[in-house]
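Everything below concerns the one structure shown next.
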Amino acid sequence: MKFEDMLKKAGDVPCFSTRFLAAGEILPQIRLQLARWVKDGRLIKLHKGFYTLAEPYRKIKPELFSIANLLKSPSYVSLQSALSRHGLIPEFVPVTTSITNTRPQVIETPLGRFEYRHVNKNLFCGYQLLEISDKQQAFVATAEKALLDLVYLTPGGEREEFLKELRLQNLDKLSKDILRQYAQKSDSPKLRRAVNNIETIINEGEGVEL
């Protein structure tokens with residue numbers, strides 16, 4: 001495969017795998033070519049078997065949420081990363097955090113750090129496909145599910161003290177009904193306690209008399 005042919009095939013995706021390029025090609029030869037292009041500075045190796053184009057060859061800027069989905073499947077962006085995107089927490093999040101129902105993993109790449117936290121299959125839900133930028137999409141947790149994922153995976157995360165430490169903002173983006181539905185579906189006493197405390201915080205923000 002020539003570099004120009006690879007550009008035609010992979011130029012419009014944020015990252016690609018070896019197998020993505022291998023259709024109709026001999027896999028060992030593809031791997032050898034990819035290694036040469038990395039050495040030449042035309043490709044950036046993100047992880048075993050995953051690459052992205054280096055500048056100035058890339059046509060689109062790789063979005064971290066899209067990269068996170070591609071590096072590990074199945075997964076969806078959640079926890080602090082999704083909370084920040086939804087505008088629920090004020091902090092900048094330097095790590096892209098995701099949920100998976102396979103083994104947990106941390107992947108360090110030249111583009112940044114990607115962390116994957118494990119949940120059981122019955123909790124692997126509550127995400128949607130979002131347009132991140134032109135030609136790039138990613139599975140991202142809803143605002144409610146991102147918050148409950150964080151609660152579930154944090155010791156003591158259901159406590160009102162922990163929830164207030166998050167300094168939640170834009171509380172109008174949280175639906176009490178959806179929070180209750182997720183908690184009931186999970187069959188988790190911890191999440192049910194958390195939802196009660198989250199509702200208290202929402203009511204206080206709305207000025208509702210408790």
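Things worth noting here:
- Members of the range 169-194 that are touching a Gly at 6+ places or on another chain (Cβ under 8 Å) and within 17 Å of G156 (Cα to Cα): K190, A194
- Selected residue (only one of Y76, Y51, Y57 is surrounded by fewer than 20 Cβ atoms within 10 Å (Cβ to Cβ) and either within 26 Å of R103 (Cα to Cα) or in contact (Cβ under 8 Å) with a residue 40 or more places away in the chain (or both)): Y57
- Looking only at residues in the range 99-108 that are touching a residue at least 12 places away in the same chain (Cβ under 8 Å) and part of a strand (DSSP E or B), the one that is surrounded by the fewest Cβ atoms within 10 Å (Cβ to Cβ) is Q105.
- Taking helices (runs of 4 or more DSSP H) as the structural unit, those lying wholly within the range 109-210 and holding at least 2 residues that are buried (at least 17 other Cβ atoms within 10 Å of the Cβ), in contact (Cβ under 8 Å) with a residue 40 or more places away in the chain and of a type in the set (D, E, K, R) correspond to 143-153.
Values quoted throughout were computed directly from the atomic coordinates according to the rules given, and no laboratory measurement underlies them. Bear in mind the structure is a predicted one, so any value in this text is a computation, not a measurement. Positions of Cβ are backbone-derived with ideal geometry, glycine not excepted, and every protein chain shown enters the neighbour counts.
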